[in-house]
Amino acid sequence: MPARRLPFFLAAALTSTRALAQGGPTPPSGPPSLPEVEMDEPPPPVVPLARDTRGGHFELAVGAALRVPFGELRQGEAASKLGTGFGAALDLGYGISRYVMVGAWGQVFEPGTNDMGFSVGPFVRYHLVQGMRFDPWVLVGIGYRSQNHDAPGVTRHFSGIDFAHVALGGDYYAWSGLGFGPWLELDAGVLTKRPDTSTAGVPDGPTHIGTSVNYSFIAGLRVVLDLPGK
């Protein structure tokens with residue numbers, strides 16, 4: 001009897017195996033997907049600007065300098081005849097922003113011939129850094145120049161416009177309101193008012209009527225007072 005039932009048992013087992021194989025889970029077609037992760041990051045913190053140590057400040061500078069003239073006072077008369085001399089410089093500036101100051105400058109020089117001269121004018125000065133002890137700067141301006149060059153028994157006077165007044169310098173602030181430093185300067189101008197006599201005191205001919213450009217190279221050291229202080 002058991003031998004007769006064996007074929008039916010095998011047939012039922014085979015049918016169940018095929019059914020399980022056909023109805024089983026389908027294997028995945030690819031790697032499992034990862035959950036989405038948001039990559040949003042908080043914005044970086046806003047760093048405020050350093051404290052303004054120039055806007056609204058007054059700067060008063062006094063300096064001593066050496067002046068070397070060259071070019072021509074007028075046609076046929078070299079500016080170098082005035083000779084190298086010493087002088088004093090003064091400027092007052094007011095800060096209109098973190099880096100820019102405007103103001104007025106003035107200089108008095110006594111060349112080697114002992115003939116006094118002076119110049120004055122406005123300026124704009126740009127300061128390259130902010131909030132440091134060493135303060136480098138660049139200055140540009142224009143001015144009016146007056147210069148005497150007397151001859152024996154004759155007073156000779158020149159005057160005109162400095163159309164370029166350019167200076168480079170740097171001040172080191174040892175204290176909050178007091179600094180010192182060197183500067184280099186180049187001035188260029190035209191003397192529109194000229195004497196009609198030579199250095200010998202005799203009238204000139206027509207060859208000296210025209211104007212010419214004169215220059216001055218200046219090197220000096222100055223002391224700066226900052227109000228109300230850095």
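Bear in mind that the values in this text are calculations on the coordinates, not laboratory data. Source: prediction; values computed, not measured. Using ideal geometry, Cβ is built from the backbone for each residue, glycine included, and neighbour counts are taken over all protein chains shown.
Positive-end ranking of PRO152, MET132, ALA174 along the dipole of segment 69-178, with charges on Cβ about the Cα centre, is headed by MET132. Our estimate of slack between MET116 and VAL46, defined as 0.36 nm per intervening residue step minus the Cα-Cα distance, is 19.6 nm. Under the rule a/c < 1.5 gives rounded, and otherwise a/b versus b/c splits prolate from oblate, where does segment 58-223 land using the Cα gyration tensor? Taking the square roots of the gyration eigenvalues as a ≥ b ≥ c, segment 58-223 is prolate.
Under the criterion of Cα pairs below 8 Å and six or more residues apart, the relative contact order for segment 58-223 equals 24 percent. Only the Cβ atoms of Lys and Arg (+1) and of Asp and Glu (-1) were treated as charged; on that basis the dipole of segment 58-223 about its Cα centre amounts to roughly 200 debye.
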